[in-house]
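**Student:** Below you will find the structure I want to go over with you.
The values are calculated or read from the model by the stated rules, or taken from the named source; none is laboratory data. Predicted model, so just to flag it, every value in this text is computed and none were measured. All Cβ positions, even for glycine, are placed from backbone atoms using ideal geometry, and neighbour counts span all protein chains on display.
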Amino acid sequence: MSRESAASARSTISLHHLGVFCGLSAAVWLGSAEAPTKLASAGFSPFIISMGMVMGAFVARWTVPTLLKGTGFLFGDLRKKPHLIVWALLAGMLWAVGNTLTIFAVRDVGLAIAFPLWNTNTLVGLAWGCLLFKELRGSAAKDWVKVVGGATAIVLGATVLAAATTQQHTGLPGKDTTGMIAALGAGAMFGTMYIPYRKAYLSGMNPLSFVTIFTFGELGTVSLLTVLNCGGGSAFMTQLAAARTMLFWPFLGGFCWVIGDLFQQYAAKYIGIGRGIPLSNTNQLWGLAWGALVFGEFAGMATDARMLILGGSAVMIAGAVSISLAEPPPSEMENWRAAMHRECDRYNLDRQQVAAVVNGEDPLADHRYPRRWWETAIVLTATGIFVWLALGTRAQRISLSFPWMITLTAATAVPLAWCGTLLWKRTRFS
């Protein structure tokens, strides 16, 4: 099929709507992926939990891009933009520190309180998008109100949820302050992490290529933090072996987190970090659902607290709707293009080719990248690791509702199939 006919066969959905759907799909998967961190309350080291998640993320960040595009495409994309490798590694390092802090936060103050605190990255990301990448520049006052007001509403809604559930968490006694500091620190790390994201996509890098390099930064940083805090390599291996019976769950959580992060990456690419990140941070609602329905965090909650939860959720949803309706006007898009041209001039990139990628095209589609034998090996290895961990898994001493767990797990498959199909039809995962 020629390039022209292939383009005409694609979906006609706008990039703004596609980015909105990606942001909301990311929320579902990011919220669900945090559920395994509840295992930290069962006495396991936060660093071991974080390491298990990063191991799952490392496997996913190679397996999923390999399945979708192939290693030939990934290496070809990286060769054209080698300067972005450093930025991808930096993003992975920032995520690793932030993720480790979230484990401490969940252990000390509970999932329902930790979620809204680290989701302050909504405002951090919005600020960086405006300051560094000209997002919202040239927009009318009503668009500023929609985006800034929507992002603020999401944070305020999350705060209301936290207030409603303060007395319901199952964290460690006397650890509230350290847990909240850890959650806020995670928010700062996650918010700053979006700078490399946006820089990469204004330079025309494919999100699948970006996350493949990203994973080396996160794995290396978490490994270093874990070894140092566990008392050395030998002690780390001992603790890892002792946690063998529960590693499947954080490993699965890390794998699922990557699915959500990929949707988040595409949201950041097509609607910017100022709009995409607040939408993905509605994962608070999914974290709340897991905490309340699966782990029973709110058993016996008073009526007024339940009303606060409903109110906070409604505010968050209203904020997400507001951002979804704030499509960038032509004047703002001119500023986006100016930011893109700045990156092209700084790194001597082809403006026309980068513009095509930013607009959802795939200039590398004309190149033939044959599938290699090691791609099959990558997928088989990932499958083998899952099976090996699953076979050694033992039940943990955590009360949960299996019917609700199955229901919420099944619900995550809907946005994966729907939004994944839209991405393929519109951009071929460009």
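**Student:** For region 63-84, which positions are surrounded by fewer than 17 Cβ atoms within 10 Å (Cβ to Cβ) and either without any contact (Cβ under 8 Å) to a residue 60 or more places away in the chain or within 23 Å of M51 (Cα to Cα) (or both)?
**Tutor:** Residues satisfying the conditions are F75, R79, P82.
**Student:** Would you tally the residues in region 115-135 being in a helix (DSSP H, G or I) and either closer than 17 Å to S45 by Cβ or of a type outside the set (G, A, S) (or both)?
**Tutor:** First pass over region 115-135, keeping only residues in a helix (DSSP H, G or I): 115-118, 121-133.
Keeping just the survivors that are either closer than 17 Å to S45 by Cβ or of a type outside the set (G, A, S) (or both) gives 115-118, 121-124, 126, 128, 130-133.
Total meeting the criteria: 14.
**Student:** For region 401-430, enumerate the residues that are of a type in the set (V, I, T), more than 18 Å from the chain's Cα centre (by Cα) and exposed (fewer than 12 other Cβ atoms within 10 Å of the Cβ). Even if it seems obvious, please write down each step before you answer.
**Tutor:** Going residue by residue through region 401-430, those that are of a type in the set (V, I, T) are 406-407, 409, 412, 414, 421, 427.
Next, from what is left, pick out any that are more than 18 Å from the chain's Cα centre (by Cα): 406-407, 421, 427.
I406, T421, listed by residue number.
**Student:** So L132 passes all but one of these: (1) surrounded by fewer than 24 Cβ atoms within 10 Å (Cβ to Cβ); (2) under 20 Å from the mean Cα position of the chain (by Cα); (3) at pLDDT 85 or above; (4) not polar (S, T, N, Q). Which condition number does it fail?
**Tutor:** Among (1) surrounded by fewer than 24 Cβ atoms within 10 Å (Cβ to Cβ); (2) under 20 Å from the mean Cα position of the chain (by Cα); (3) at pLDDT 85 or above; (4) not polar (S, T, N, Q), the lone unmet condition for L132 is (2).
**Student:** Let me ask you something else. Can you find, within region 190-207, the residue that is surrounded by the most Cβ atoms within 10 Å (Cβ to Cβ) among those that are more than 13 Å from the chain's Cα centre (by Cα) and in a helix (DSSP H, G or I)? It would help to see each step written out before you state the result.
**Tutor:** The initial filter retains those residues of region 190-207 that are more than 13 Å from the chain's Cα centre (by Cα), namely 192, 195-196, 198-206.
Still in the running and in a helix (DSSP H, G or I): 192, 195-196, 198-202.
Numbers: T192: 17, I195: 21, P196: 24, R198: 24, K199: 20, A200: 28, Y201: 26, L202: 24.
So the residue we want is A200.
**Student:** In addition: Restricting the first residue to region 30-49 and requiring it to be in a helix (DSSP H, G or I), which pairs with a second residue that is modelled with pLDDT under 80 and of a type in the set (K, R) meet a Cβ separation below 9 Å and a spacing of at least six or different chains?
**Tutor:** T37/R107; A40/R107; S41/R107; A42/R397; P46/R107; I49/R107
**Student:** So W95 passes all but one of these: (1) surrounded by fewer than 22 Cβ atoms within 10 Å (Cβ to Cβ); (2) touching a residue at least 24 places away in the same chain (Cβ under 8 Å). Which condition number does it fail?
**Tutor:** (1)
**Student:** Would you tally the residues in region 336-345 being out of contact with any Ser or Thr (no Cβ under 9 Å at 6 or more places or on another chain) and of a type outside the set (F, W, Y)?
**Tutor:** Within region 336-345, the subset out of contact with any Ser or Thr (no Cβ under 9 Å at 6 or more places or on another chain) is 336-339, 341-342, 345.
Retained after the next criterion (residues that are of a type outside the set (F, W, Y)): 337-339, 341-342, 345.
Adding up the residues that qualify gives 6.
**Student:** Six or more apart or on different chains, Cβ atoms under 8 Å: show the pairs whose first residue is in region 217-237 and loosely packed, with under 12 Cβ neighbours inside 10 Å and whose second is not in a helix (DSSP H, G or I).
**Tutor:** Correct list of pairs: empty, since none qualify.
Rundown of residues vs (1) in contact with a helix residue (DSSP H, G or I) (Cβ under 8 Å, 6 or more places away or on another chain); (2) within 30 Å of F248 (Cα to Cα); (3) modelled with pLDDT of 85 or more, yes/no style:
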{"site": "W336", "(1), (2), (3)": "yes, no, yes"}
{"site": "C344", "(1), (2), (3)": "yes, no, yes"}
{"site": "A365", "(1), (2), (3)": "yes, no, no"}
{"site": "E375", "(1), (2), (3)": "yes, yes, yes"}
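**Student:** Can I ask one more? Do we find that E327 is in contact (Cβ under 8 Å) with a residue 60 or more places away in the chain, more than 28 Å from W29 (Cα to Cα), surrounded by 14 or more Cβ atoms within 10 Å (Cβ to Cβ) and not aliphatic (A, V, I, L, M) in this structure?
**Tutor:** Numbers: in contact (Cβ under 8 Å) with a residue 60 or more places away in the chain: yes; more than 28 Å from W29 (Cα to Cα): no; surrounded by 14 or more Cβ atoms within 10 Å (Cβ to Cβ): yes; not aliphatic (A, V, I, L, M): yes.
Considered against the rule, which asks whether it is in contact (Cβ under 8 Å) with a residue 60 or more places away in the chain, more than 28 Å from W29 (Cα to Cα), surrounded by 14 or more Cβ atoms within 10 Å (Cβ to Cβ) and not aliphatic (A, V, I, L, M), E327 comes out as no.
**Student:** I've got another one for you. Before we move on, is A105 in a helix (DSSP H, G or I), crowded, with 24+ Cβ neighbours inside 10 Å and at pLDDT 80 or above?
**Tutor:** Yes; evaluated as a whole, the condition is true for this residue.
**Student:** Within region 398-420, how many residues turn out to be touching a Ser or Thr at 6+ places or on another chain (Cβ under 9 Å) and closer than 23 Å to N359 by Cα?
**Tutor:** 5
**Student:** Is it the case that region 331-338 has a residue that's farther than 28 Å from F21 by Cβ and either out of contact with any Asp or Glu (no Cβ under 6 Å at 6 or more places or on another chain) or of a type in the set (F, W, Y) (or both)? So that I can check it myself, show each step before the final result.
**Tutor:** Of region 331-338, the ones farther than 28 Å from F21 by Cβ are none.
Within region 331-338, not a single residue is farther than 28 Å from F21 by Cβ and either out of contact with any Asp or Glu (no Cβ under 6 Å at 6 or more places or on another chain) or of a type in the set (F, W, Y) (or both).
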